[in-house]
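Here's the structure we're looking at; comments come further down.
The values are calculated or read from the model by the stated rules, or taken from the named source; none is laboratory data. Everything quoted here is computed from the prediction, not taken from an experiment. We place every Cβ from the backbone using ideal geometry, glycine too, and count neighbours over all the protein chains shown. Ligands, DNA and RNA are excluded from the accessible area calculation, which covers all protein heavy atoms including side chains. Shrake-Rupley method; radii C 1.70, N 1.55, O 1.52, S 1.80 Å.
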Amino acid sequence: PYTTLFRSPQAIDGGGILTLKSGLDDINQLVSIDPITGKETEEFVLGPLNNPGFLSLSANTIVWTEYRFDPRWLTRSYSVVNSYNLATKTFTQITHTTRYSAASISPDRSKIVVVETTTDYANRLVVLDAYTGEVIKKFEHDGGGFYSMPRWDDTGASIVVLIQLNQKKAIVQINFENGNQKVLLAYSNEHIGHPIISKGYLLYNSALSGIDNIYAFNLNSQQKYRVTSAKYGASNPAISIDGASIYYNNYTVNGDNVV
């Protein structure tokens, strides 16, 4: 049988888990899963996905980026921001002829943060109006660092993002209003990814033990904890609606599953 992957779990308001289903026998599609029965429901089939390795869902609205190609100059491509409302079954293409990736929607669904890469290879964070696609703010790294995997914190007041600089990675928190940046995890050679902030904790995955697992960093006490102990690898943490559980990807011999 073909291997089917279930990646990037996100908690749905009212219950359920949204995940990206794909495989040799499955085109990229958004699928909701009942956590009790395991029943799958196809929500939406995606186009040519520009996959940053995660999904972003707030309430019932999910955002992602897809490739688009110039109808005249076929070597010219774009990456646009799309959204889909699970409740109203409404699809919207929010931007056009843009070069955005790694879209993440704010908790109040009013803003989307993306990574912009220009044709001259400049890299910056851009905050968009979630309804019109208009640019609200831009954040650039003075040292030429490369942004990836931006996510809003659970209050919507700041953005947590990976920065790669001089072959090292750090996790940085950026205040949306004033642009002040705070380094949460210092630059190192540690292989880290998928940072999120919830209730005073920074959650992320790291290969610190030799196998990818999820870690929690207490932002007040500065203590670090390992949350999972996966046999082959754990990644992509997401918090349940009630805050009591963590959904994540568990890597198996048959690919990623949701745990």
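Restricting attention to the stretch 105-145, and to residues there that are aromatic (Phe, Trp, Tyr) and at pLDDT 95 or above, which single residue is nearest to ALA170 (Cα to Cα)?
Step by step, filter the stretch 105-145, then rank; the result is PHE139.
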Exercise. Please find, among TYR204, TYR225, TYR248, the residue that is of a type in the set (Phe, Trp, Tyr) and within 17 Å of GLN173 (Cα to Cα).
Key: TYR204
Quiz item: Is there a residue in the stretch 7-15 that is under 18 Å from the mean Cα position of the chain (by Cα), under 24 Å from PRO150 (Cβ atoms) and assigned to a loop (DSSP other than H, G, I, E, B)?
Solution: yes
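Regarding the stretch 211-224, can at least one residue be identified that is surrounded by 13 or more Cβ atoms within 10 Å (Cβ to Cβ), among the basic types (Lys, Arg) and over 30 Å from LYS111 (Cα atoms)? Break it down stepwise before answering.
First, pick out the residues of the stretch 211-224 that are surrounded by 13 or more Cβ atoms within 10 Å (Cβ to Cβ): 211-217, 219, 224.
Cutting the leftovers down to among the basic types (Lys, Arg) gives us 224.
Then keep just the ones that are over 30 Å from LYS111 (Cα atoms); that gives 224.
Yes, that holds for at least one residue.
Identify, please: which residue in the stretch 22-36 is modelled with pLDDT under 90 and assigned to a loop (DSSP other than H, G, I, E, B) and is, among those, nearest to SER56 (Cα to Cα)?
Keep residues of the stretch 22-36 that are modelled with pLDDT under 90, which gives 23-27, 35-36.
Narrowing the set further to residues that are assigned to a loop (DSSP other than H, G, I, E, B) leaves 24-25, 35-36.
Numbers: LEU24: 24, ASP25: 25, PRO35: 19, ILE36: 23 Å.
If we take residues in the stretch 22-36 being modelled with pLDDT under 90 and assigned to a loop (DSSP other than H, G, I, E, B), then PRO35 is nearest to SER56 (Cα to Cα).
Can TYR204 be described as part of a strand (DSSP E or B), hydroxyl-bearing (Ser, Thr, Tyr) and under 29 Å from LYS231 (Cα atoms)?
Yes.
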Quiz item: List the pairs whose first member sits in the stretch 177-198 and is in contact (Cβ under 8 Å) with a residue 12 or more places away in the chain, whose second member is among the β-branched types (Val, Ile, Thr) and in a loop (DSSP other than H, G, I, E, B), and whose Cβ atoms are under 9 Å apart, counting only residues at least 6 apart or on separate chains?
Solution: ILE197/THR155
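Kindly provide the set of residues from the stretch 226-259 that are small (Gly, Ala, Ser) and closer than 14 Å to LEU5 by Cβ, ordered by number. Talk me through it step by step, then tell me what you get.
Looking only at the stretch 226-259, we keep the residues that are small (Gly, Ala, Ser), and these are 229-230, 233-235, 238, 240, 243-245, 255.
Answer for the stretch 226-259, where residues must be small (Gly, Ala, Ser) and closer than 14 Å to LEU5 by Cβ: GLY233, SER235, GLY255.
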Practice problem: Using the structure shown, decide if LEU5 is closer than 16 Å to ILE105 by Cβ and either crowded, with 17+ Cβ neighbours inside 10 Å or not hydrophobic (A, V, I, L, M, F, W, C) (or both). | Solution: no
Quiz item: Which one is nearest to the chain's Cα centre (by Cα) among residues in the stretch 37-65 that are within 20 Å of GLY193 (Cα to Cα), among the polar types (S, T, N, Q) and in a loop (DSSP other than H, G, I, E, B)?
Solution: ASN51
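Where in the stretch 91-199 are the strands (runs of 3 or more DSSP E), entirely inside, with at least 1 residues that are surrounded by fewer than 15 Cβ atoms within 10 Å (Cβ to Cβ) and not aromatic (Phe, Trp, Tyr)? Steps first, answer last, please.
Values: elements: 100-105, 111-117, 123-129, 135-139, 146-152, 158-165, 168-175, 181-188, 192-198.
Once the strands (runs of 3 or more DSSP E) in the stretch 91-199 are filtered for at least 1 residues that are surrounded by fewer than 15 Cβ atoms within 10 Å (Cβ to Cβ) and not aromatic (Phe, Trp, Tyr), what remains is 123-129, 135-139, 158-165, 168-175, 181-188.
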Self-check item: Index of the failed condition, GLY47 passing every other in (1) open to solvent by less than 50 Å² (accessible area, probe 1.4 Å); (2) at positive phi
Solution: (2)
